[in-house]
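Bear in mind that the values in this text are calculations on the coordinates, not laboratory data. It should be emphasised that the depicted structure is a prediction, and the values quoted were computed from it without experimental measurement. Heads up, the Cβs are rebuilt from the backbone with ideal geometry, glycines too, and the neighbour counts pull from every protein chain shown.
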Amino acid sequence: MNDENFVQVKNLRKVYENGHEAIKDVSFSVKKGDLVCLLGPSGCGKTTIFNMLAGLLTPTSGDILFDGKSVVKTAPKDRQIGYVFQNYALYPHMTVLQNVMFPLTVGKNKRPKAEAEKVARKYMNLTQIDEFADQKPDQLSGGQQQRVAIARALVQEPKILLMDEPLSNLDARLRLKIREEIRSLVKKVGITTLFVTHDQEEALSIGDKIILFNDGVIQQDDLGQNLYSEPNNYFVANFVGNPVIDNFSVEVKDGKVTGSDFEIAVSDLKQDRFKHELKDGKYVLSVRPENILPAESGNVKVTIQDIELIGRERILKFNHDGIQARSLVDLETPIKAGDNINLKMRLDRIFIFTPEGERVY
Amino acid sequence: MKQNQKRAWLFLAPTIIFVTGFSIFPILRAFVMSFQGGPLIALDWTGFSNYQYIFKDPEFWTAIKNTIIYALVSVPVALAISIMLAWLIFSKVKRKSFFETTFFMPYVTSTIAIGIVFRYIFNGDYGLLNFVLKALHLPAPNWIDDPSMSLTTIIIFGVWTSLAFNIVILMGALRNIDPNYYTIADMYGASGTEKFWRITMPQLIPTIAFLLTMNIIAAFKVYTSVYALFNGQAGVGNSATTAVFYIYNKFQIVGTPGVAMAATVVLFLIILFITFLQRKMMKKIGEQ
């Protein structure tokens, strides 16, 4: 029915009692069965949106629709959602089985004990925690607790699963493993999932699509790869990507883009990549470190200050116009710290932003 | 290493001296005295005769019986009321600190002072309590002067005085419960009763165990409230005599310290046994 717009958020706005406008006119939709990441730095409003989806907060204005029905006035328990908290919030005095069974033993969803246990066992099997059934949560590792929390969120067979930074309590190595597990699990169950995180790598690896927030506004609602290769604005370009993007201050005048020691003819830029007309004035030229590489013919002359090894690649660090910038090269490239070299940008991969952050090229 | 150890003893010495002098020695002295007879300045060994005396003394048995009834009734009742009130304040009241302060006030007030006020409240003829009871057409007994009522009066007073401490400690414990536990329960539509029995109570078990131990020990040592309520007596015709009252009486009034110490040792053993039993019980409940 509403598979394309299974979850729909329309012109959502939230102003807290202290006058802080956490969410300013946010609209997006989520396809049925998709795993969508809400990404953004701390304080960008992603948790506020989440709590409004869950019904823990009431929006100031706007609407939220699940499967075509507005749920703004629906109590959390009737929204058919499963919620996984950041700290899991497992009941420490109950065993794993009792924790997973809990949603089926309270309220109007109460079922006979045998039936509740059957359903609980089914989801415990799915999340591979059968063997811990009689243990208490504090006897389990972080990853196992996480799976208990997910199993508990799933037993009521909700239509939507909400996960609030579910990986932030795990160590780095486990995080990689668990995020794959979560993805395969929610795909197996086929549940529509929204996932909050501040970690871009996590979002890129797990999400079918990513909604990037900042300052209570959606910066970009797109596939992960587009966030990286076609950022909407300066914020997105700088938030996504590791190592971070290089930014150069430039001035456009007389058909030329002029940096502190390089020049690019506007006519050399690809015409179909212009979003707006490039008028004369000050701009920021941004280029990803892998798109600015050493070349004899390069027009950016720099002195390499430092080299950082990151496994298969090396980052050449140089100072340009008082700002540190980076070039990402192969391990074999024979360049040492202190070398003077020329760098060349791939002009079809650079971005030009106005000082306000709007993308022009 | 060796030198360090010597120096450590030096630092420990003040504490060791104080603990030995004021805690360990008196206990041992009491134990020794329970086997001695005569006045304090001329004690002599009398073997088990003090113990024989108290076990034959009907007054001792009344005291022990009263104390046990007092402890076993007042402690659970007070705890149940405290849990109820703490939960009410915690979940329903907005200005918690005001109520907490109000409830804590009795704890910082002298029991003697409160007891004197309660003497007036409990007064059979012009007391506030009976005024209310009569207005509601309920029986208005003579709380203070009727021997058959004195134990009940002490229990009511005991319940009231122990509320303060219990509520403050329970409020602390309630605050420590992760609010997400309730959020999750709300999301699954758990009712208030379900949340209380499935989340709050199990989370409170360690605190309840602590309070139970503290309250039971305090209840077995009840003295001041009896003294204050009955104007220095143990109720009309000693009807509300308690173990500590008996000990005090034998020591100071009758002048038989040996008998008093024998009763002290018995009381000590009873408290030890009940505390032990109760800890085992709480552990069982905690495991379930």
Test set (1) surrounded by fewer than 20 Cβ atoms within 10 Å (Cβ to Cβ); (2) part of a loop (DSSP other than H, G, I, E, B) - A:Ser205 fails condition number: (2)
Strands (runs of 3 or more DSSP E) wholly inside the stretch A:17-116 that include at least 1 residues being more than 12 Å from chain B (Cβ to nearest Cβ), among the aromatic types (Phe, Trp, Tyr) and buried (at least 17 other Cβ atoms within 10 Å of the Cβ): A:21-30, A:61-66
Selected residue (criterion: surrounded by the fewest Cβ atoms within 10 Å (Cβ to Cβ)) from residues of the stretch B:202-234 that are within 14 Å of chain A (Cβ to nearest Cβ) and in contact (Cβ under 8 Å) with a residue 60 or more places away in the chain: B:Pro206
Only one of B:Ile154, B:Ile144, B:Ile217 that is closer than 22 Å to B:Ala63 by Cβ, in contact with a Gly (Cβ under 7 Å, 6 or more places away or on another chain) and of a type in the set (A, V, I, L, M, F, W, C): B:Ile144
Helices (runs of 4 or more DSSP H) within the stretch B:1-101 that include 3 or more residues touching a residue at least 12 places away in the same chain (Cβ under 8 Å) and exposed (fewer than 13 other Cβ atoms within 10 Å of the Cβ): none
Number of the exception - A:Val329 against (1) free of Cβ contacts under 8 Å to residues at least 40 places away in the same chain; (2) closer than 20 Å to A:Asn232 by Cβ: (2)
Test: residue in the stretch B:136-146 that is part of a helix (DSSP H, G or I) and in contact with a helix residue (DSSP H, G or I) (Cβ under 7 Å, 6 or more places away or on another chain): no
Of all residues making up the stretch B:181-196, the number that are at the interface with chain A (Cβ under 7 Å from one of its Cβ atoms) and closer than 19 Å to B:Lys94 by Cα: 1
Those strands (runs of 3 or more DSSP E) lying entirely in the stretch A:227-336 with at least 1 residues closer than 30 Å to A:Asp208 by Cβ: A:246-253, A:281-287, A:300-310, A:313-320, A:323-330
The stretch A:321-334, residues that are surrounded by 15 or more Cβ atoms within 10 Å (Cβ to Cβ) and either in contact with a Lys or Arg (Cβ under 6 Å, 6 or more places away or on another chain) or over 16 Å from A:Pro243 (Cβ atoms) (or both): A:Arg326, A:Val329
Considering residues of the stretch A:132-150 that are part of a helix (DSSP H, G or I) and out of contact with any Pro (no Cβ under 7 Å at 6 or more places or on another chain) only, the residue surrounded by the fewest Cβ atoms within 10 Å (Cβ to Cβ): A:Gln139
